[in-house]
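Each remark here refers to the structure printed beneath this line.
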There are 2 protein chains.
Amino acid sequence: MNAVPHPTIALLQSSSLTTVVQQEIERAILQGEYAPGSKLTEADLAQKLGVSRGPVREAFRMLDEAGLVRTEKNRGVFVRDIPIDEAVEIFDLRASMDELVGRKLAANITPAQLKEIRALVDAMEKAVKAEDAYNYHLLNLKFHDRLVEMAGNSKLTAIYRKLIKELSLFRRLNLADGWLLPISANEHRQILKAIASGDQDAAGRAMFDHAMDSKERTIDNDLRRQARATEGAASKHAKAEHAER
Amino acid sequence: MNAVPHPTIALLQSSSLTTVVQQEIERAILQGEYAPGSKLTEADLAQKLGVSRGPVREAFRMLDEAGLVRTEKNRGVFVRDIPIDEAVEIFDLRASMDELVGRKLAANITPAQLKEIRALVDAMEKAVKAEDAYNYHLLNLKFHDRLVEMAGNSKLTAIYRKLIKELSLFRRLNLADGWLLPISANEHRQILKAIASGDQDAAGRAMFDHAMDSKERTIDNDLRRQARATEGAASKHAKAEHAER
DNA sequence: GTCCATTTGTACGTATGTATC
DNA sequence: TGATACATACGTACAAATGGA
């Protein structure tokens, strides 16, 4: 009988200290414990995690390659702050990938998968009625992640998730634009219908359009936020300019 | 007067030893100096490059994240060997990205850019007539890379190039399928026409179809190659099985 | 089962660059 | 403008653990 490896053992076999450190720093960044722009000091992190500086430096190189931090020579590494231009680029790219997802799903989705997606859409509509923006946000992430995963292209899934991580570093995602949730939820329902119908072009278009709408909502939201900020600064005699850098 | 930094100085400021090492190893891998599957010993590379182990290890982490090597704990790092399933996934993904490129270019390309692309297409047709498959291959890479770059989405460009690098680790690209070059060249001409016409959907479709055709050609080629290999092995009383691992 | 090569992780030293006062 | 403190970059040396022959 071939033994099933104990989970802890399997984990120790696959993960080096470096990868554990990398995952922990990534988790902290994505959960907002280190804000975009903040400095990550290797000695501090090493001490905090109880390891030497070597693994931390290697983890930094991984996070840099993944686009989550930026390294300035002789100055250190900083949590990346995704500029709005790059966010727009990522949104466009994601829309194109989502279009591919929609086509593939319309062609290949199974009844069981369809049922799972339908449950998510139902849950999101409930969250809209309850005006629970936070829960909606989580369900929305899950919905899209599952769709991508179900498309059955692991490379696509990996890159999609990387893009989502980077996007989360874009000035605080707009999980607060409550009045737009019904629109988004309705689009999800349309996506579900198109996929279930088996019409590849329609499903692809539905997902593409949804992604682009989501882009418009997020970007517009950010522009308004910026406008308010600079306006506020102006009314304070432009005192906030020091904080810009 | 604000001085323009001397190029050497600017270079020293941006590139650490680690990044130089990373670029050198990457270059060597992509040029085939280290075949897919071969082992990269950090001490050897460090000595060969005249640096200590630190920068080499950090470069390994970058290359791992980029998908060019794989790290097995306590065993070392190896040049990645892209399996055919993953190559198929990458081709599908690239087709989707190319579709986006086609749409964007049909909408935004400038006359000067169009002229540059036309020159590349002309050059490729000349290479076909001269039956110069190698030169055609180089021009083809350049053609697609320029198109992506001209689409004006730097994130898209970066990811596209990463995918191309990974694909080049897929069992030796088929730059030898000479009799198919006219077909490929003709498709390029069609892409050019569609972009020049300004029809976004047509341009997107032309690029998507071309990418998928390219996939079929490459994958079919590989399957035939594999079939020949196993057939040959069978005729040699399956002696080659040791080489498979 | 032992031996050897290699990797993994730690510790420390020095040089260099940056920031701050 | 120094002078100082600090962090990074890179090298080296050493111990422990692993995997293969």
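The values are calculated or read from the model by the stated rules, or taken from the named source; none is laboratory data. No experiment lies behind these values; they were computed from the predicted model shown. Glycine gets a Cβ as well: all are built from the backbone with ideal geometry, and neighbour counts include every protein chain shown.
For the stretch A:19-59, a residue qualifies if it is more than 21 Å from A:Leu167 (Cβ to Cβ) and touching a strand residue (DSSP E or B) at 6+ places or on another chain (Cβ under 7 Å), and the qualifying residues are A:Lys39, A:Thr41.
Restricting the search to the stretch A:45-94, which residues are within 10 Å of DNA strand D (Cβ to nearest atom) and of a type in the set (A, V, I, L, M)? Answer for the stretch A:45-94, where residues must be within 10 Å of DNA strand D (Cβ to nearest atom) and of a type in the set (A, V, I, L, M): A:Leu45, A:Ala46, A:Val56, A:Val77.
Each residue in the stretch A:136-160 was checked for being touching a helix residue (DSSP H, G or I) at 6+ places or on another chain (Cβ under 9 Å), within 13 Å of chain B (Cβ to nearest Cβ), more than 13 Å from A:Gly102 (Cα to Cα) and of a type in the set (A, V, I, L, M), and 1 of them qualify. Output the residues belonging to the stretch A:17-76 that are of a type in the set (A, V, I, L, M), in contact with a Pro (Cβ under 9 Å, 6 or more places away or on another chain) and within 15 Å of DNA strand C (Cβ to nearest atom). Hits for the stretch A:17-76 are A:Leu17, A:Val20, A:Val21, A:Ala46, A:Leu49.
If the condition is being within 14 Å of another protein chain (Cβ to nearest Cβ), of a type in the set (A, V, I, L, M) and within 20 Å of B:Lys142 (Cβ to Cβ), then the stretch B:71-129 contributes B:Ile90, B:Ala95, B:Met97, B:Leu100, B:Val101, B:Leu105. If you check A:Arg161, A:Arg146, A:Arg205, A:Arg189 for being closer than 15 Å to A:Gln113 by Cβ and either over 19 Å from the mean Cα position of the chain (by Cα) or modelled with pLDDT of 95 or more (or both), only one passes: A:Arg146.
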